[in-house]
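Below is one structure; the comments refer to it alone.
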Amino acid sequence: MRLALGAGIVIGVLAPAVGFFLVQRRQSLIGDGIGHVAFAGVAAGILLDVSPVLTALIAAVLGGVVIEVLRSRGGTAGDQALALVFYTGIAVGVVLVSTAGALNVDLFQYLFGSILTVTRTDLVLIAALGAVGLATVGLLYRALAAVVVDEEGARVAGVPIGGLNIAVAALAAVTVALSMRVVGILLVAALMVLPVSAAGRIAWSMRSTFVLAMGIGLGSALIGLTISYYADLPPGGTIVLVAAAVFGVAVAVSAARGR
Amino acid sequence: MRMTPAVELADVSFGYRPGQRVLEGVTLRLGEGEFVAVAGPNGGGKTTLVRLILGLERPADGRALLFGEPAHRFSQRRTLGYLAQRLELGGDAPATVREVVSAGRLAAGRLIGPGRRRDRELVAEAIERVGLSERADAPLRTLSGGQQQRAFIAKALAGEPSLLVLDEPTTGVDAESQESLAALLDRLHSELGVTIVYVSHEFGAVERFVQRLVLVRRTIIFDGSPQELPGIWHDPSHIHA
């Protein structure tokens, strides 16, 4: 449980920090798409008998970059190409897992998260990469926020938009891969989106939204893991339900304030 | 000695698809420090003209230069200020005026890490220039349409631009705010000497401030002082015909 809480702390902060930039750019579902590709990575890890977290990380980063490149092309063709990546990812995953004979309960820990399967090695990897991810977000905050405010204006002024967008995609991919042990591939995108949406209802600036989102993500992860542990519930679903409840409260507060 | 123009389009044609011509044979030369209005009907090619000027598109024929360099690989992009058409914030975060304006310092300042004191000073100065100091920390969505456009103009000014291009800046803004915005641009032009290209489907608000009016409908159909414009064309609906 202590290992899961340690991982939950990192993920609770990292997921909304990265998700903030996806939500502001109306790309909330990109995390979901990367999760589909990460599933193929997990399956490859099981088949090849190497760490599924590592293979999921590699697959997610590659998938994230491909998705961003396709998205930046825009138009109907780009949209269809994104769908192709999403569904190909999950299809490859199912076929590989079936080939490995692992289409069983072990797979559930990656799909829905599992407290008991977080190992010390997992925690070290999550903490190290999480710290790198948060540091990257901190260093690029001003640039990423400027792109959120006015992407076209930033492009005209010579800001390297393509590079920054790839950086966000890679950060999202790392977040998905790191979070799947605790929240699960199918629900990680929710932890990237719900705290940000909740914070946006009650915050007074972009920066306060960013900070509040990380606070809500952290609180949701800790409370959700604790409930999950004592009530013997799946951690991913419990964490996301806590975040959804906070979102509901934020909406009510916002409505009460007449915003 | 002939000065390098801020913008030079020489016999430029452009289409988004093969065989299509959104603009044809456009020749335009804008000197440094000019305040020019570019007007024309919706669908007449104004926004495409802006994209060619800014190097976001490359001409199919002819050449587009910015300060003497090919526009698409202009080396001093940080000196370009651009207010895009119907600009609105994408997500849920309530960005404040100061946060919006700070975004305009990114290209001129450093990309990584926190902003410097000089950046913060220039942001405050730009906010003051557009008369929004008292609302600097207010969420943008709590401001009127005219005030929001002022905030985005301040954002463009924060980068200390040599060329400021505004594409339909008065869309969704009431008539009084349009007048106020035009007067603000006139004052900024006088104080800063920046080249301003004001693009709109109608030019009534800025007509008395600009030195030059360019009418575009696939090609340039008028280029001169607003006073030289035939009386009937002062009715913006005329150029739709």
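The values are calculated or read from the model by the stated rules, or taken from the named source; none is laboratory data. What you see is a predicted model; the values in this text were computed from it and never measured. We place every Cβ from the backbone using ideal geometry, glycine too, and count neighbours over all the protein chains shown.
Some notes on this structure:
- Enumerated helices (runs of 4 or more DSSP H) restricted to segment A:99-166, each holding at least 1 residues that are modelled with pLDDT of 90 or more, away from chain B (no Cβ under 14 Å) and surrounded by fewer than 21 Cβ atoms within 10 Å (Cβ to Cβ): A:120-149
- For segment B:6-43, a tally of residues being in a loop (DSSP other than H, G, I, E, B), of a type outside the set (G, A, S) and farther than 16 Å from B:D223 by Cα returns 8.
- Test: B:R212 is in contact with an Asp or Glu (Cβ under 7 Å, 6 or more places away or on another chain), under 25 Å from B:G68 (Cβ atoms) and among the basic types (K, R): yes
- Residues of segment B:48-65 that are within 11 Å of chain A (Cβ to nearest Cβ) and touching a Pro at 6+ places or on another chain (Cβ under 9 Å): B:G55 alone.
- Scoring B:R141 on the criteria (1) within 11 Å of chain A (Cβ to nearest Cβ); (2) surrounded by 18 or more Cβ atoms within 10 Å (Cβ to Cβ); (3) of a type outside the set (A, V, I, L, M, F, W, C) leaves a single failure, condition (2).
- Residue in segment A:1-10 that is touching a Phe, Trp or Tyr at 6+ places or on another chain (Cβ under 6 Å) and not in a helix (DSSP H, G or I) present: yes
- Residue selected from segment B:145-173 under the condition in contact with a Ser or Thr (Cβ under 7 Å, 6 or more places away or on another chain) and among the hydroxyl-bearing types (S, T, Y), by the criterion nearest to B:S190 (Cα to Cα): B:S162
- The residues of segment A:134-148 that are more than 19 Å from the chain's Cα centre (by Cα) and within 15 Å of B:V123 (Cβ to Cβ), listed by number, are A:R142, A:A146.
- Given (1) within 30 Å of B:M3 (Cα to Cα); (2) within 10 Å of chain A (Cβ to nearest Cβ), number of the condition B:A154 does not satisfy: (2)
- Residue selected from segment A:215-241 under the condition buried (at least 23 other Cβ atoms within 10 Å of the Cβ) and of a type in the set (A, V, I, L, M), by the criterion farthest from A:A17 (Cα to Cα): A:L225
- For segment A:18-36, taking the residues that are crowded, with 23+ Cβ neighbours inside 10 Å and either among the hydroxyl-bearing types (S, T, Y) or farther than 14 Å from A:L194 by Cβ (or both), the one that is farthest from the other protein chains (Cβ to nearest Cβ) is identified as A:H36.
- Qualifying residue in segment B:79-100 (condition: more than 8 Å from chain A (Cβ to nearest Cβ), assigned to a helix (DSSP H, G or I), hydroxyl-bearing (S, T, Y) and surrounded by fewer than 17 Cβ atoms within 10 Å (Cβ to Cβ)): no
- Scope segment A:123-148; condition farther than 18 Å from A:A172 by Cα and touching a residue at least 12 places away in the same chain (Cβ under 8 Å); matching residues: A:L123, A:A146
- Restricting A:V242, A:V193, A:V174 to those that are part of a helix (DSSP H, G or I) and either in contact with a Pro (Cβ under 6 Å, 6 or more places away or on another chain) or within 14 Å of another protein chain (Cβ to nearest Cβ) (or both) reduces the list to A:V193.
- Residue in segment A:75-91 that is outside any helix (DSSP H, G or I) and surrounded by fewer than 18 Cβ atoms within 10 Å (Cβ to Cβ) present: no
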